[in-house]
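The values are calculated or read from the model by the stated rules, or taken from the named source; none is laboratory data. The structure displayed is predicted, hence computed values, not measured ones. Glycine gets a Cβ as well: all are built from the backbone with ideal geometry, and neighbour counts include every protein chain shown.
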Amino acid sequence: MRTSVRCAQVFLLLFAAGFFLNAIAQEHPSAGQDVSKPVQQIPASPYGPSGKVGASASDNSSSGLLLGPGDLLDIGVYNVPELTTKARIGSNGNIYLPLIDYVHLAGLTTEEAQDVIQKKLASGGFVRNPHVNIFVDERASGNTSVLGEVAKPGIYPMLGQQRLFDLISAAGGLNERAGRSVSITHRSHPDEPVVVPLARNLSDHPESNVLVWPGDTVIVRKADIVYVVGDVGRPSGFLMDSGRLTVLQAIALAGGTNKTAKLNGAKIIHRASSSMTETPVQLKKILQSKAPDQPLEAEDILFVPSSAGKIAMARVVDLAMSVSTAVTIVAVQ
């Protein structure tokens, strides 16, 4: 009889304990999981998107920029502090890293560079599933050179992509000798310069306002100029970017000849690389339509002497050269 009572008591206790545990499991489902196989959690990386500890997403605004020679990189491998290093990309585009030797990173974005280093660490068996982070500590390649016929040629700091017209404006705009084209050499393709047509009034051709990146070199070409000096109405230099220019056209642009001009003494002074040549011009007959018009070449000087000046012939070239450097440059529309 006592045995039966004890069995009943044990049964009641087990039933109550089971009811209590079931209630807890319903309120806290995770309490019923098998603790012998804990859920594996992946720790969050201490690096922000830019690769710097504590960095925020906004720090990665320049992640699309290409790495280049001179850039100082802060490179870290998550959970492998021994491989954390700071190194500068050399002039050949390579950087030295522990274990994997030299790696070519120039011309890559930070994300692409991270992927290259990760693959080398993994393929070499140095780190299993490496997580590499790169932060550009100092961007030496974030400059763009604006050269040629601008008011203030030089090197201009630049973060991210910009438009061509913005850079020309930063360089003070085009000077009076600027031509109608710009050469843009991208750092990633130094042997393939891109020629962009340019108007005197930049807003006339908005399609020429192309993108320019840090490390690029922009050169505004010098215009082809013909000088008309001597006894003419307006001694000037005329841009030839609108097309060919002849003696008759140049004389007309210069306001014609003066009454004191010695028409039969006119000549074209052509400046070559190492010498100068003189070509007589039958200006009087050309004006009278009795002789064919003569074409002019870039940097030619059309000199019309004065009949009353009694200029020694030996000094004609020197005089024309000195006058041509001081004349006003006029764009031919």
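At-a-glance table
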{"read-out": "Flag for residue 149 being charged (D, E, K, R), more than 30 Å from residue 76 (Cβ to Cβ) and buried (at least 17 other Cβ atoms within 10 Å of the Cβ)", "value": "yes"}
{"read-out": "Residue check, residue 123 closer than 29 Å to residue 200 by Cβ, of a type in the set (S, T, N, Q) and modelled with pLDDT of 90 or more", "value": "no"}
{"read-out": "Condition check for residue 163: surrounded by 13 or more Cβ atoms within 10 Å (Cβ to Cβ), within 30 Å of residue 227 (Cα to Cα) and in contact with a strand residue (DSSP E or B) (Cβ under 9 Å, 6 or more places away or on another chain)", "value": "no"}
{"read-out": "Residue tally, condition small (Gly, Ala, Ser) and crowded, with 16+ Cβ neighbours inside 10 Å, over segment 190-219", "value": "2"}
{"read-out": "In segment 166-178, residue surrounded by the most Cβ atoms within 10 Å (Cβ to Cβ) [restricted to those that are in contact (Cβ under 8 Å) with a residue 40 or more places away in the chain and farther than 13 Å from residue 213 by Cα]", "value": "178"}
{"read-out": "Single condition residue 233 does not satisfy, out of (1) within 30 Å of residue 171 (Cα to Cα); (2) in contact (Cβ under 8 Å) with a residue 12 or more places away in the chain", "value": "(1)"}
{"read-out": "Enumeration of residues in segment 190-208 that are assigned to a loop (DSSP other than H, G, I, E, B) and under 18 Å from residue 149 (Cβ atoms)", "value": "193, 198, 199, 200, 201, 205"}
{"read-out": "Single condition residue 255 does not satisfy, out of (1) modelled with pLDDT under 90; (2) outside any strand (DSSP E or B)", "value": "(1)"}
{"read-out": "Hits in segment 179-189 - residues which are surrounded by 15 or more Cβ atoms within 10 Å (Cβ to Cβ) and farther than 12 Å from residue 147 by Cβ", "value": "179, 180, 181, 186, 187"}
{"read-out": "Residues being assigned to a loop (DSSP other than H, G, I, E, B) and under 50 Å from the mean Cα position of the chain (by Cα) - total across segment 262-291", "value": "7"}
{"read-out": "Residues located in segment 90-145, provided they are within 19 Å of the chain's Cα centre (by Cα) and of a type in the set (Asp, Glu)", "value": "138"}
